[in-house]
Amino acid sequence: MIPAPFAYHRPRSVDEALGLLRQYGEGARVVAGGHSLIPMMKLRLAQPEYLVDLQDLEELRGIRSEPDAVMIGAMTTQHELINSALLAANCPIIGETSLQIADPQVRYCGTLGGNVANGDPGNDMPAVMLALGAKYRLKRQRDEREIAARDFYHGAFSRALQPDEILVSVRIPMPVAGHGYAYEKQKRKVGDYATAAAAVVLTMSGGTCISAAIALTNVADTPLLAGDAADAVIGTALDEAAIDEAVRRARAAANPSADAHGPVEFRRHVAGVMVRRALMRAKERAL
Ligand SMILES: Cc1cc2nc3c(=O)[nH]c(=O)nc-3n(C[C@H](O)[C@H](O)[C@H](O)COP(=O)(O)OP(=O)(O)OC[C@H]3O[C@@H](n4cnc5c(N)ncnc54)[C@H](O)[C@@H]3O)c2cc1C
């Protein structure tokens with residue numbers, strides 16, 4: 001439970017942090033809240049030679065709205081997401097999801113950037129980002145790029161992030177006013193990772209579902225966008241038959257492995273239950 005030796009850096013600006021990453025290359029890792037990386041270092045599943053701590057980088061913090069988007073700095077904590085009036089008014093699924101992550105102590109330190117950049121299929125925020133159509137802004141010393149969350153995850157702990165890049169912010173297209181949303185998570189006990197979870201964002205018009213996105217947590221190597229399942233409800237009144245079909249398609253898309261959360265069939269079953277609950281709650285909330 002003692003990490004391998006490492007050198008610790010605490011840069012005062014993003015430029016300084018990027019310079020350190022460039023200098024140390026693959027031996028370096030950034031640390032944000034440390035609540036995923038430090039446990040992995042203690043178990044020697046991660047052994048960075050250089051830790052670049054982002055705590056002092058105020059430019060990576062904060063939540064602001066633009067005409068067509070909400071921008072969230074990578075170092076914004078889960079606690080801050082829960083307490084943001086701006087998010088509560090415009091994109092409430094983020095606060096709802098944050099409240100289901102771990103416990104208050106973890107949420108005071110854990111950041112949005114760390115949660116989405118980590119690459120653990122058990123993290124809750126990536127599926128929500130897929131459902132919202134979020135984009136990640138990545139910066140390195142000489143350039144900057146934006147990548148859709150839907151293109152970011154390649155496998156467990158494998159994502160489109162170079163060793164010398166920092167995730168600086170997350171851009172969420174402004175959800176339509178009156179949209180329906182829900183994040184439903186089944187866990188063994190309070191504070192645990194999901195056995196399976198589902199994020200739903202949809203819009204209703206005149207009793208018909210005119211758009212929907214469904215994404216799943218912890219039932220594959222990556223967060224899963226269940227496009228077929230969403231197609232089953234678009235154009236319907238979100239009646240029982242449509243929801244049954246979406247559940248069937250989501251279960252077909254899920255590819256969980258057996259682990260401490262349960263056997264494969266159980267986890268696949270739970271994924272469907274979460275999709276059903278999330279669709280029903282999102283429908284109730286849609287105006
Ligand atoms: C007891 C416990 C229970 C937990 N339960 C849950 C849970 O139910 N659901 C859940 O989603 N999470 C859970 N977590 C994880 C927690 O939410 C973490 O805080 C989060 O996943 C990582 O955020 P962090 O800021 O701590 O990142 P860190 O641990 O500092 O970093 C995680 C990884 O992301 C990289 N990284 C961090 N920030 C950036 C950045 N800006 N740019 C590039 N790379 C970056 C790091 O290099 C590292 O590889 C739990 C943690 C604990 C200790």
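The values are calculated or read from the model by the stated rules, or taken from the named source; none is laboratory data. Keep in mind the model is a prediction, meaning the values are calculated, not measured. So basically every Cβ, Gly included, is an ideal-geometry build from the backbone, and we count neighbours across all protein chains shown.
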> Going by the conditions given, is Tyr193 in contact (Cβ under 8 Å) with a residue 60 or more places away in the chain and surrounded by fewer than 21 Cβ atoms within 10 Å (Cβ to Cβ)?
Replying inline: yes
> Is there a residue in segment 137-150 that is in contact (Cβ under 8 Å) with a residue 24 or more places away in the chain, within 13 Å of the ligand (Cβ to nearest atom) and either within 16 Å of Ala198 (Cα to Cα) or touching a Ser or Thr at 6+ places or on another chain (Cβ under 8 Å) (or both)?
Replying inline: yes
> Since Met41 meets every condition but one in (1) more than 18 Å from Leu167 (Cβ to Cβ); (2) of a type outside the set (Val, Ile, Thr); (3) under 26 Å from the mean Cα position of the chain (by Cα); (4) surrounded by fewer than 15 Cβ atoms within 10 Å (Cβ to Cβ), which condition does it not meet?
Replying inline: (4)
>> Among the residues that make up segment 103-113, is at least one of them among the polar types (S, T, N, Q), within 30 Å of Gly262 (Cα to Cα) and either more than 7 Å from the ligand (Cβ to nearest atom) or surrounded by fewer than 18 Cβ atoms within 10 Å (Cβ to Cβ) (or both)?
In response: yes
> Out of segment 257-282, which residues are at pLDDT below 95 and either farther than 17 Å from Gly122 by Cα or surrounded by 17 or more Cβ atoms within 10 Å (Cβ to Cβ) (or both)?
Replying inline: His261, Gly262
> Among (1) small (Gly, Ala, Ser); (2) modelled with pLDDT of 95 or more; (3) surrounded by fewer than 18 Cβ atoms within 10 Å (Cβ to Cβ), where does Ala32 come up short?
Replying inline: (3)
